Amino acid sequence: MALRLYQFAISHYCEKIRWALDYKELSYETTTLLPGQHIKTVRKLTRGAGASVPVLEHDGEVIQGSFDILDYLDRTFPDKPLTPADEPARTQALEWEKRLDAEAGPAVRCYSYHHFLQRPKIVVPLLAAGTPFYNRILLSLAFSRVNEVMRKWMKINEKTAEESRKAMEGLLVELAEIYSRQPFLGGDSFSRADLTAAALFAPLFQPEAYPVPWPKPARIPKEVKDWLTQWQPQLQVLGKLYSDYR
Ligand SMILES: N[C@@H](CCC(=O)N[C@@H](CS)C(=O)NCC(=O)O)C(=O)O
């Protein structure tokens with residue numbers, strides 16, 4: 001049976017899996033869901049285990065969560081491995097990935113949504129990307145409720161956005177310092193740790209391969225644009241990994 005990825009186009013955790021599948025040159029199909037409407041589909045797939053994407057379906061197996069999906073892909077399709085075989089590189093890569101999943105993913109998401117939810121014309125096309133065109137209209141009409149639910153659901157507010165900004169800055173300094181000394185986070189080849197760092201920060205350097213309509217620079221809120229300009233050197237390090245290995 002074909003590989004099928006259940007995803008949101010905008011989700012940077014889903015970008016980890018799109019990248020891994022492409023990196024391994026596996027052919028796959030996607031089912032792109034609309035945030036909110038995804039819950040029913042995903043709960044049915046995972047038999048109530050949880051509603052988050054990414055979820056991968058393959059040969060009767062259903063795997064949820066980007067870390068477990070990467071494990072599954074390396075186990076099932078060992079060519080072009082993303083998990084280092086030897087220690088200490090293996091532990092280093094897995095620990096980095098877990099930390100980035102827990103810290104970078106939520107921080108990038110909270111900071112970005114806090115600012116972009118104030119701009120429905122930017123955020124609606126990002127949320128509805130890859131789904132039928134009428135979902136844009138649906139989300140636009142229901143936008144005040146969407147804004148309210150997303151903020152509540154992901155605890156997004158002024159205070160958490162500031163905490164997220166600081167968390168991103170700490171990680172960007174640390175990552176740029178490590179990449180100035182060595183090419184990869186674990187061992188001497190590209191691994192799932194590097195993929196995770198670049199995929200989870202990708203919404204901040206907005207690569208073309210990422211399947212959403214990024215806002216034109218002129219439409220990005222000034223506060224975010226100034227922050228991106230200030231952190232450009234550190235983001236560029238991750239942008240280079242993305243363009244070299246994606
Ligand atoms: N740790 C999970 C995080 C996944 C996650 O947070 N997914 C978000 C999209 S970025 C989601 O599906 N949110 C909707 C929900 O949880 O119902 C992973 O690595 O897959």
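Odds and ends about this structure:
- Where residue 107 falls short, out of the listed (1) buried (at least 18 other Cβ atoms within 10 Å of the Cβ); (2) away from the ligand (no atom under 13 Å from the Cβ): (2)
- Search result, residues across region 1-40 that are buried (at least 16 other Cβ atoms within 10 Å of the Cβ), over 16 Å from the mean Cα position of the chain (by Cα) and either modelled with pLDDT under 95 or within 9 Å of the ligand (Cβ to nearest atom) (or both): 36, 38
- Close contacts from region 160-172, counting a first residue that is under 15 Å from residue 235 (Cα atoms) and a second that is acidic (Asp, Glu) and assigned to a helix (DSSP H, G or I), with Cβ to Cβ under 9 Å and a gap of 6+ residues or different chains, come to 167/103; 168/103; 170/103; 171/103.
- Any hit, region 125-144, residues being among the polar types (S, T, N, Q), touching a strand residue (DSSP E or B) at 6+ places or on another chain (Cβ under 9 Å) and in contact (Cβ under 8 Å) with a residue 12 or more places away in the chain: yes
- Out of 188, 194, 226, sole residue that is among the acidic types (Asp, Glu), modelled with pLDDT of 95 or more and surrounded by fewer than 16 Cβ atoms within 10 Å (Cβ to Cβ): 226
Residue by residue, here is whether (1) out of contact with any Phe, Trp or Tyr (no Cβ under 8 Å at 6 or more places or on another chain); (2) assigned by TED's automatic domain parsing to the domain that holds residue 101; (3) outside any helix (DSSP H, G or I) holds:
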{"site": "114", "(1), (2), (3)": "yes, yes, no"}
{"site": "121", "(1), (2), (3)": "yes, yes, no"}
{"site": "125", "(1), (2), (3)": "yes, yes, no"}
{"site": "131", "(1), (2), (3)": "yes, yes, yes"}
{"site": "145", "(1), (2), (3)": "yes, yes, no"}
{"site": "148", "(1), (2), (3)": "yes, yes, no"}
{"site": "155", "(1), (2), (3)": "yes, yes, yes"}
{"site": "165", "(1), (2), (3)": "no, yes, no"}
{"site": "171", "(1), (2), (3)": "yes, yes, no"}
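- If the condition is being surrounded by 15 or more Cβ atoms within 10 Å (Cβ to Cβ), more than 11 Å from the ligand (Cβ to nearest atom), part of a loop (DSSP other than H, G, I, E, B) and of a type outside the set (A, V, I, L, M, F, W, C), then region 47-92 contributes 81, 83, 84.
The values are calculated or read from the model by the stated rules, or taken from the named source; none is laboratory data. These numbers come from a predicted model, not from an experiment. Backbone-built Cβ (ideal geometry, glycine too); neighbour counts: all protein chains shown.
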